[in-house]
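Below is one structure, written out as structure tokens, with a few remarks after it.
The values are calculated or read from the model by the stated rules, or taken from the named source; none is laboratory data. Just so you know, these numbers come straight off a predicted model, no measurement behind them. Neighbour counts are summed over all protein chains in view; Cβ atoms, including those assigned to glycine, are modelled from backbone coordinates with ideal geometry.
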Amino acid sequence: MKIESVFFACLNEVLVQSFYKHYGKDIKRWHGMRLIAVDGSTAYLVHNKEVIKHFGTQANKTSEVPMGQVLSAFDVLVYYAPNEASTNKRFLLLLFNGFAVVGAC
């Protein structure tokens, strides 16, 4: 049986909300803001026709593989993946790997 991707999004939301509910007042902050680091990377994808049609492939000297781009965000001082919707607190967004802006939200 295949697990729908929405399951993982909902599970992440529940875990993040639970973490900040139980530990929110103990979270370290920098000048009153959470420090959120964001970085991009690539991930190998399942090798099938639908995936290749949608994402294409990346070639090296010996083969072609389907790959996708991923974005990760981490609360630097907590070492836990945050979710902006789960908290109303201010945060400073630190962007790496070719992102064009650094800003406070």
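Numbers below:
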| item | result |
| --- | --- |
| Among residues of the stretch 57-69, those that are at pLDDT 90 or above and assigned to a loop (DSSP other than H, G, I, E, B), counted | 5 |
| Exclusive hit being basic (Lys, Arg) and at pLDDT 80 or above, set 28, 89 | 28 |
| Pair list, Cβ under 9 Å, 6 or more apart: the stretch 68-86 residue over 22 Å from residue 43 (Cα atoms), other residue at pLDDT below 70 and surrounded by fewer than 14 Cβ atoms within 10 Å (Cβ to Cβ) | 84/105 |
| Every residue from the stretch 18-47 that is assigned to a helix (DSSP H, G or I) and surrounded by 15 or more Cβ atoms within 10 Å (Cβ to Cβ) | 19, 20 |
| Pairs where the first residue, in the stretch 8-27, is in contact (Cβ under 8 Å) with a residue 24 or more places away in the chain and the second is hydroxyl-bearing (Ser, Thr, Tyr) and part of a helix (DSSP H, G or I), C-beta under 9 Å, 6+ apart | 13/86; 16/86; 17/86; 19/86; 20/86; 27/20 |
